[in-house]
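Let me begin by presenting the structure, written as structure tokens, before commenting on it.
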Amino acid sequence: MNRKYPHLCAPITLGRVVFRNRMFSAPMGGTDITADCCVGPRTPGFYELRAKGGAAAVTASELVVHPQTDASHMFHLDLHTPGSLSSWTFVADAIARHGAVPSVELSHSGQYAGTYLIDKDKKKGLTQYGPSDWVRPDGIPVKALTAGQIDDIVKAYGETAALAKRAGFQMVMVHGGHGWLVNQFLSPAFNHRTDEYGGSLENRLRFARRVLQSVRDAVGPGFPIEFRMSGAEFFEGGYDIEEGIRIAQGVEDLVDLIHVSAGSYQFGFFRTHLPMFAPHGDNVWLAAKIKKHVSKPVATIGALNDPEQMEEILASGKADVVEMARALLADPELPNKVVAGRDDEIVHCLRCFTCMAERPTTGTRRCTVNPLIGREIEGTEVLPAARKKRVVVVGGGVGGMKAALTAAQRGHTVILLEKTGELGGILKSEQALPFKYEMYRLGLTLARQMELAGVEVRLNTAATPELLEQLAPEALILATGSTPIVPNLPGIHGDNVVVVNNYYKEKDKVGDSVVVLGGGLAGCECAVHLGMEGKTVHLVEMRDQLAVDCNIRHRPILMQMVDKYTTVHLKHAGLRVTGEGLVCRDETGAEVLIPGKTVICAVGQRSNRADVDALRGCAPWVREIGDCVRVSNITNAVYQGYHAALDI
Ligand SMILES: Cc1cc2nc3c(=O)[nH]c(=O)nc-3n(C[C@H](O)[C@H](O)[C@H](O)COP(=O)(O)O)c2cc1C
């Protein structure tokens, strides 16, 4: 069979192990960690999904090698608990039984130990070890590791690798990037030692080389070792790509795959986890440069999810392997779809950071577009229904589409009624913001998936009790969404006002100076977009904070963008719109004019309860989902849509 993406589908041999294609699942830590530092019962399923989805390698993470100097944070994984090897064996099995190579990331966070502690006060009592004595920007002192401690850590890498091999892992990844311990030794910014581990690059490389040698001695020849590094650190005082090249050259004799990521957690997630504001593949150039100077295969990573782009990266010789993290949460089946040429069915990652925000907030994993993530143990198959029913879904937004799709996949006969002429609901408005294109595309993908699953879509069809009586559904899902709130202010219905949801249709009306009324997520993102377009943007918010509805990982990045592109007016209440802009009351009670030719109204949404009230008596089984129940987000709409359909 001719593959649409031959390079992505080609096998690769590393050491003595053959990998079925070039798409690897990058490490993503499970959150399910028991009190005695073992992986919990939910973990095998978390990794298994990506093995089943066709990735060639799935890397489990983050196995702490030396808890005596590292695991100062509450939740970590190590192999020091007697009997803990079994839990890792289950993980390796779960990956290997689907034809993927199980790998495990060996890690030491060094001076970052304790980063994830929610109780920040507890951090103060911890001891953090790094290459050198210093005080972290958050006030936490770091102690320099002694030569004896370094010897112990090096030994621990080897011992842990040997145990991992015994558990059934067929590759190990040594984490040498993102600002963790190995990277801290490599970094001129953090390593100020004057012994044989500091100073020259040769000395800064010594720790990494000893670690890799220890792992190699433990696993033997032919067992692949992947070295994860940052191609450049991207902060002042850190190393640049030129030194990154020399680091790769300095370890290549000891490893089988050089995995080039970027950046350092010390300075946020902008580089390590490219946000929606950065282009896809923005770190590929680092791998491409390194690849020119080494003889070992090179992997690249960073917001990759488009088969055409990934195929080009391999075909043009920029890298030998592409790795994905978030893209494979969004759609674990991505590699299988690439192999089968079904790329129009790929559900793309939104880069919304829900996956990363859940860990520090609820200690779980979630993915906005994939309701299975973190809940795999509850079942990952959409099983056929015992009795096929007539199902009607009202509302063609994201929740309604997910419900209709899932119900159809279960074999039900599904009709979706949408009162407008287009599917997508609120996602339609995202098409005007290039950095939110993936959200718009989610609507298109769900529409395509519904088509393939046989859902009958009736556009321009309002659901009425009469119509429903005629259709006689046995199950009815109400997903009627929400409507933008337009505050009752003088001038708000003027020609110079655009409701944020309509911005995509009324872009041309927007002048070169804009006041955005409402600093929630939608208002902030629209304001950033307008600023990026070169407009003068004022962002007005009644409360004392912006985007309080935004998750804790996306928010800091969004705030950087807001600072860069807008002027913010907090504690300002809109009073009236005039031809000159928006008159507000500031916190002193004074009236001020915030100038702008156009006012964008982004003050939130209200549930469409009237539709629900009119229809909830129209079938023997009825479920309300998404915004019509309570205005929320895509994550909840998708989750509720999926589960409503499973309940039919
Ligand atoms: C939910 C989540 C958990 C992660 N956990 C780890 C980890 O334990 N170890 C690690 O080295 N990287 C971790 N990463 C970083 C990823 O491996 C990857 O470098 C990053 O997400 C960028 O790749 P992407 O753009 O394909 O998501 C994690 C990323 C995510 C999204």
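The values are calculated or read from the model by the stated rules, or taken from the named source; none is laboratory data. All of these numbers come straight from a predicted model, not from anything done at the bench. Every residue, glycine as well, gets a Cβ built from its backbone with ideal geometry; the counts of neighbours run over all protein chains shown.
Quick notes on this structure:
- Residues of the range 537-554 classified as surrounded by fewer than 20 Cβ atoms within 10 Å (Cβ to Cβ) and out of contact with any His (no Cβ under 9 Å at 6 or more places or on another chain), total: 6
- Which numbered condition residue 288 fails, given (1) within 15 Å of the ligand (Cβ to nearest atom); (2) under 30 Å from residue 222 (Cβ atoms): (1)
- Applying the criterion of at least 2 residues that are within 9 Å of the ligand (Cβ to nearest atom) to the helices (runs of 4 or more DSSP H) found wholly in the range 300-344 leaves 326-330.
- Candidate set from the range 560-589 (those that are in contact with a helix residue (DSSP H, G or I) (Cβ under 8 Å, 6 or more places away or on another chain) and part of a helix (DSSP H, G or I)); member that is surrounded by the fewest Cβ atoms within 10 Å (Cβ to Cβ): 564
- Qualifying residue in the range 63-80 (condition: within 16 Å of residue 355 (Cβ to Cβ), of a type outside the set (Ser, Thr, Tyr), within 15 Å of the ligand (Cβ to nearest atom) and within 21 Å of the chain's Cα centre (by Cα)): no
- Among the residues of the range 283-309, those that are closer than 24 Å to residue 252 by Cα and within 19 Å of the chain's Cα centre (by Cα) comprise 283, 284, 300, 301, 302.
- Matching residues, the range 181-193, being within 21 Å of residue 152 (Cβ to Cβ) and either surrounded by 24 or more Cβ atoms within 10 Å (Cβ to Cβ) or polar (S, T, N, Q) (or both): 181, 182, 183, 184, 185, 186, 190, 191
- Number of positions in the range 440-487 that are of a type outside the set (D, E, K, R), farther than 23 Å from residue 429 by Cα and without any contact (Cβ under 8 Å) to a residue 40 or more places away in the chain: 1
- Selection of first residues in the range 252-278 that are at pLDDT below 95 and of second residues that are among the β-branched types (Val, Ile, Thr) and within 11 Å of the ligand (Cβ to nearest atom), restricted to Cβ pairs under 7 Å at least 6 apart or on distinct chains, gives the following pairs, ordered by first then second residue: 265/272.
- Residue within the range 384-399 that is charged (D, E, K, R) and within 14 Å of the ligand (Cβ to nearest atom) present: no
- The test for being in a strand (DSSP E or B) and either among the hydrophobic types (A, V, I, L, M, F, W, C) or within 26 Å of the chain's Cα centre (by Cα) (or both) holds for residue 260.
- Selection count where residues are more than 15 Å from the ligand (Cβ to nearest atom) and closer than 21 Å to residue 326 by Cα, scope the range 21-40: 1
Residues are listed down the side, and each one gets a yes or a no for (1) closer than 27 Å to residue 25 by Cβ; (2) within 15 Å of the ligand (Cβ to nearest atom); (3) assigned by TED's automatic domain parsing to the domain that holds residue 12:
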{"position": "165", "(1), (2), (3)": "yes, no, yes"}
{"position": "199", "(1), (2), (3)": "no, no, yes"}
{"position": "221", "(1), (2), (3)": "yes, no, yes"}
{"position": "232", "(1), (2), (3)": "yes, yes, yes"}
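- Any hit, the range 352-372, residues being away from the ligand (no atom under 11 Å from the Cβ), farther than 24 Å from residue 272 by Cβ and not assigned by TED's automatic domain parsing to the domain that holds residue 622: yes
- Taken together, the criteria exclude residue 201 from residues that are surrounded by 16 or more Cβ atoms within 10 Å (Cβ to Cβ) and of a type in the set (A, V, I, L, M, F, W, C).
- Listed here are the helices (runs of 4 or more DSSP H) enclosed by the range 138-233 that have at least 3 residues being in contact with a Gly (Cβ under 6 Å, 6 or more places away or on another chain) and of a type in the set (Gly, Ala, Ser): 201-219.
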